[in-house]
1. Have a look at THR80, THR67, THR56 and point out the one that is more than 24 Å from ALA180 (Cβ to Cβ) and of a type in the set (Ser, Thr, Tyr).
2. Which is modelled with pLDDT under 90, of a type in the set (Gly, Ala, Ser) and farther than 30 Å from ARG199 by Cβ, of ALA370, ALA353, ALA383, ALA333?
3. Confirm whether SER306 is touching a Pro at 6+ places or on another chain (Cβ under 9 Å), among the polar types (S, T, N, Q), at pLDDT below 90 and in the same structural domain as ALA240 (by TED's automatic domain parsing).
4. Before we move on, is THR200 of a type in the set (S, T, N, Q), modelled with pLDDT of 90 or more, part of a helix (DSSP H, G or I) and closer than 28 Å to ALA127 by Cβ?
5. I need the full set of residues from the stretch 1-21 which are at pLDDT 80 or above and in a helix (DSSP H, G or I), in order please.
6. Name, by its number, the condition in (1) part of a loop (DSSP other than H, G, I, E, B); (2) in the same structural domain as THR29 (by TED's automatic domain parsing) that does not hold for ARG93.
7. Given (1) crowded, with 21+ Cβ neighbours inside 10 Å; (2) in contact with a Gly (Cβ under 6 Å, 6 or more places away or on another chain); (3) at pLDDT 90 or above, where does ILE107 come up short, assuming only one miss?
8. Here is a list of conditions, (1) without any contact (Cβ under 8 Å) to a residue 60 or more places away in the chain; (2) outside the structural domain of ALA37 (by TED's automatic domain parsing), and ILE104 meets all of them except one; can you say which number that is?
Amino acid sequence: MSTVVNTNLITDLQKFGGADINACFSCGTCTATCVLADNDATFPRRFIRLAQVGLTDDLVASKELWTCYQCGLCTTNCPTQADPAEFMATSRRYAIAHYDKTRIARILYTRPVVGSAIVVGAGLFFALFFAAVRGEQSTTSLAFFDFIPYPVIHTAGIVLMVMVALFSLLGVGTLARDMARHDGVTWRSLLGTRSARARTGRALWSALGLESLGQKRYREDCHDDVEVEPLYRRRWLIHALTIWGFLGLLLATTLDYAFDIVGIKATGTPVPIWYPVRLLGTVAGLALMYGVTWFMVNRARKEGVSFEHSKPSDWLFLVLLWVTGFTGFVIEAALYLEPVPAWGYWIFLLHVAVAMELVLFLPFTKFAHAMYRPVALFFYGLARDDTTHAG
């Protein structure tokens with residue numbers, strides 16, 4: 001298969017971030033200081049070289065691109081101030097746009113004015129749509145779902161999630177295909193024998209359990225802030241609480257819908273704080289708000305190398321998450337007031353509109369990491385398993 005060289009790759013990459021890799025002369029300091037570099041994972045030095053010679057396909061299909069947690073040690077020790085950590089972040093933004101066939105991600109990352117107009121337009125569309133179908137304000141236990149009918153929210157949410165899932169699967173599937181080709185992984189090597197299936201299982205557990213949920217390497221290896229930050233401000237914990245909170249809220253919402261379908265509890269009915277689904281949603285919401293708030297504080301203060309450079313799209317995801325979480329708690333408080341306050345209905349309208357917008361932009365913003373990183377970690381787990389058992 002022929003290799004295609006993109007002579008404009010560096011120029012295109014610079015639209016996604018501020019790193020000047022032309023200052024790099026491949027001394028290898030970044031790789032020597034990176035605690036995650038092992039065997040063939042000589043990043044970020046190798047990725048800078050791929051960009052310099054214009055190998056787009058090799059750059060975006062490299063699993064190591066997503067195993068970097070941007071601790072910043074490489075940038076701190078770079079003798080030419082080429083900022084390899086920001087280059088890695090820039091390359092991930094570029095990869096997200098590369099695998100997004102709608103080109104929305106590229107617009108959000110490279111054309112902030114147009115991207116902002118798209119975001120505002122989408123928010124207004126959802127707000128006006130739900131305002132147009134709203135009913136009367138009610139004093140019943142299902143007050144908010146009388147104001148904006150639950151079937152409308154449910155149907156709109158399902159349609160939106162199906163549409164977003166199709167875009168997401170297209171991007172993730174293409175990435176997985178490219179990584180498989182790059183690493184020589186086939187269906188037979190994954191499932192053809194008992195040992196292959198065991199190897200695949202170990203890689204899945206490593207990617208989804210140990211790394212995505214457990215943050216193992218993030219906690220144990222990328223510990224640049226251990227000496228200077230208390231536990232409650234460490235990046236791995238903030239990152240983990242954001243992920244756990246989001247997944248917990250997703251699970252609570254799913255269970256709430258399921259209980260409504262089988263007749264256990266109507267959605268929106270007030271229940272005690274110790275009711276399992278409500279307790280799960282409350283704890284998950286607090287975890288999410290904690291993580292997202294610290295992410296926003298660190299970005300605003302530019303705390304550490306990983307927060308020195310922020311694109312509008314990075315802020316978009318955080319703001320949408322924060323507003324969704326905050327308005328959710330305000331609605332919960334309003335639901336338990338008697339009578340339900342008038343402002344609660346409009347907060348509910350805002351919450352639903354922003355939540356829909358959050359779902360819409362998931363594949364095109366920072367949250368796309370949650371889709372692409374586990375895939376990369378899976379292939380990385382396969383490669384490490386081969387190395388471990390070969391040794």
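The values are calculated or read from the model by the stated rules, or taken from the named source; none is laboratory data. Keep in mind that this is a model prediction, so the values were computed, not measured. Neighbour counts run over all protein chains shown; Cβ positions are idealised from the backbone, glycine included.
1. Numbers: THR67 fails: more than 24 Å from ALA180 (Cβ to Cβ); THR56 fails: more than 24 Å from ALA180 (Cβ to Cβ).
Only one candidate qualifies: THR80.
2. On the way: ALA370 fails: farther than 30 Å from ARG199 by Cβ; ALA353 fails: modelled with pLDDT under 90; ALA383 fails: farther than 30 Å from ARG199 by Cβ.
On inspection, the qualifying residue turns out to be ALA333.
3. Details: touching a Pro at 6+ places or on another chain (Cβ under 9 Å): no; among the polar types (S, T, N, Q): yes; at pLDDT below 90: yes; in the same structural domain as ALA240 (by TED's automatic domain parsing): yes.
The answer is no for SER306.
4. Details: of a type in the set (S, T, N, Q): yes; modelled with pLDDT of 90 or more: yes; part of a helix (DSSP H, G or I): yes; closer than 28 Å to ALA127 by Cβ: no.
So THR200 does not fit the description; no.
5. Looking only at the stretch 1-21, we keep the residues that are at pLDDT 80 or above, and these are 5-17.
Result: LEU9, ILE10, THR11, ASP12, LEU13, GLN14, LYS15, PHE16.
6. Only one criterion in (1) part of a loop (DSSP other than H, G, I, E, B); (2) in the same structural domain as THR29 (by TED's automatic domain parsing) is unmet by ARG93, namely (1).
7. Result: ILE107 passes all but (1).
8. (1)
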